[in-house]
Amino acid sequence: MTVLEKTVDETSPPAVEGRRRGSAWLLTVFLAAALPALVPVAASLGAYPVPVGDVLGSVLHHLGLGGRELDRVAESVLWNVRFPRIVLALLVGASLGCAGALMQGVFGNPLAEPGVIGVSSGAAVGAVGAIAFGLDFLGTWTVSAFAFASGLATVLLVYAMSRSGGRTEVVTLILTGIAVNAFAGALIGLFLFFADTAAVNQITFWQLGSLSQATWPKVLAVLPCAAIGLTVAPLYARRLDLLSLGERPARHLGVEVERLRIALILVIALLTAAAVSVSGIIGFVGLVVPHLLRMAAGPGHRFLIPASALLGALVLLAADLTARTIAAPAELPLGVLTALLGSPFFFWLLRRTRRRQGGWA
């Protein structure tokens with residue numbers, strides 16, 4: 001066998017598919033092991049350090065499996081501060097990662113991310129409006145409820161405005177989302193203009209993204225939406241694989257493209273609005289996570305969707321741990337940290353895509 005024949009044989013579709021499948025299994029096993037390994041470390045580190053052994057002992061004690069109860073301060077730090085924040089980071093990260101994978105599948109573009117259709121900016125308008133005008137009739141839930149409702153409403157508006165003749169073209173949807181994002185930015189600026197100093201500070205902190213206000217009620221607020229979205233999303237994996245062939249081939253293979261797009265946009269809106277409502281705007285997780293997995297193990301959505309949720313949870317938990325320890329006792333805003341890391345990656349991704357395609361024309 002010549003070198004050329006050997007190379008062709010090694011890079012044939014069955015060989016490539018086999019390598020991708022092996023990579024997918026290895027990545028899944030790694031993520032499934034890394035996530036529970038990082039949780040006790042994240043619970044251990046902070047302004048009040050708790051040894052990892054004590055963390056595990058406390059968890060076992062609460063589960064009735066042995067272990068031991070810690071002193072009152074350590075128990076309060078773990079169960080009232082650290083664990084709600086960890087669970088919220090896992091839910092928000094999984095939601096954003098999964099939403100990013102769905103977005104890139106729906107739009108057929110690895111540069112797409114949940115904010116493209118306006119859900120993040122729409123949620124920001126609701127939250128900023130509630131803060132600027134001092135609304136509190138829902139108590140501590142007011143900002144989150146307004147952010148969630150306005151995020152969903154914005155997505156529905158974008159979809160309705162981009163729909164024509166019973167169909168929605170991807171390009172029209174993206175351009176409508178860009179226009180709505182610009183309008184939402186103007187509204188946020190207007191709210192900031194009328195807000196007092198205290199409200200401006202609170203709005204700025206919320207826009208930077210943070211999990212510092214994590215509580216068990218906020219976890220419970222996100223949990224149903226995240227659970228529904230993360231459960232429903234993998235059911236569309238096969239149809240997303242067919243859609244990646246193009247709309248016309250997908251229709252010939254039995255995919256109802258318009259119905260699929262509507263369903264997935266609603267799932268994306270549910271996941272993103274729920275995440276943004278409790279954490280503020282945290283960018284680049286939905287962009288970077290699915291693309292890294294796609295480069296490592298191929299574009300198959302049966303692997304990509306659940307793996308994006310796992311890696312999104314792992315990335316956000318690691319980022320939050322870094323944000324609250326790297327500049328201790330101060331805390332770096334989480335959205336700032338993800339943007340600092342994600343922006344160079346996005347630039348590299350643009351350059352790589354342009355180089356491979358030989359230009360954008």
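General observations
- Hey, Leu187 farther than 23 Å from Leu334 by Cα, of a type outside the set (Phe, Trp, Tyr), in contact (Cβ under 8 Å) with a residue 40 or more places away in the chain and surrounded by fewer than 20 Cβ atoms within 10 Å (Cβ to Cβ) or not: yes
- For segment 48-77, the set of residues classified as buried (at least 17 other Cβ atoms within 10 Å of the Cβ) and at pLDDT below 85 consists of Gly67, Leu70, listed by residue number.
- Tallying residues that are farther than 16 Å from Val119 by Cβ and of a type in the set (Gly, Ala, Ser) within segment 164-203 yields 8.
- Of residues in segment 91-103 being of a type in the set (A, V, I, L, M, F, W, C) and under 10 Å from the mean Cα position of the chain (by Cα), the one farthest from His291 (Cα to Cα): Leu91
- Candidates in segment 218-249 are the residues that are over 20 Å from the mean Cα position of the chain (by Cα) and either assigned to a helix (DSSP H, G or I) or charged (D, E, K, R) (or both); of these, the one that is surrounded by the fewest Cβ atoms within 10 Å (Cβ to Cβ) is Arg248.
- Some residue of segment 146-156 being outside any helix (DSSP H, G or I), of a type outside the set (Gly, Ala, Ser) and surrounded by 15 or more Cβ atoms within 10 Å (Cβ to Cβ): no
- Screening segment 43-89 for residues that are basic (Lys, Arg) and in a helix (DSSP H, G or I) and picking the one that is nearest to the chain's Cα centre (by Cα) gives Arg85.
- In segment 35-72, the residues that are among the aliphatic types (A, V, I, L, M) and on the phi > 0 side of the Ramachandran plot: none
- A single member of Thr172, Thr142 is in contact with a strand residue (DSSP E or B) (Cβ under 9 Å, 6 or more places away or on another chain), assigned to a helix (DSSP H, G or I) and surrounded by fewer than 19 Cβ atoms within 10 Å (Cβ to Cβ), and it is Thr172.
- Considering each residue of segment 291-303 in turn, none proves to be at pLDDT 85 or above, under 24 Å from Val158 (Cβ atoms) and among the hydrophobic types (A, V, I, L, M, F, W, C).
- Yes/no for Val143 being modelled with pLDDT under 85, farther than 30 Å from Glu247 by Cα and not polar (S, T, N, Q): yes
- Any hit, segment 323-335, residues being touching a Pro at 6+ places or on another chain (Cβ under 6 Å) and crowded, with 20+ Cβ neighbours inside 10 Å: no
- Complete set of residues in segment 33-47 that are loosely packed, with under 12 Cβ neighbours inside 10 Å and in contact (Cβ under 8 Å) with a residue 60 or more places away in the chain: Ala47
- The set of residues in segment 236-284 that are at pLDDT 90 or above and among the hydroxyl-bearing types (Ser, Thr, Tyr) contains only Tyr236.
The values are calculated or read from the model by the stated rules, or taken from the named source; none is laboratory data. Predicted model, so just to flag it, every value in this text is computed and none were measured. Cβ: placed from backbone, ideal geometry, glycine included. Neighbour counts: every protein chain shown.
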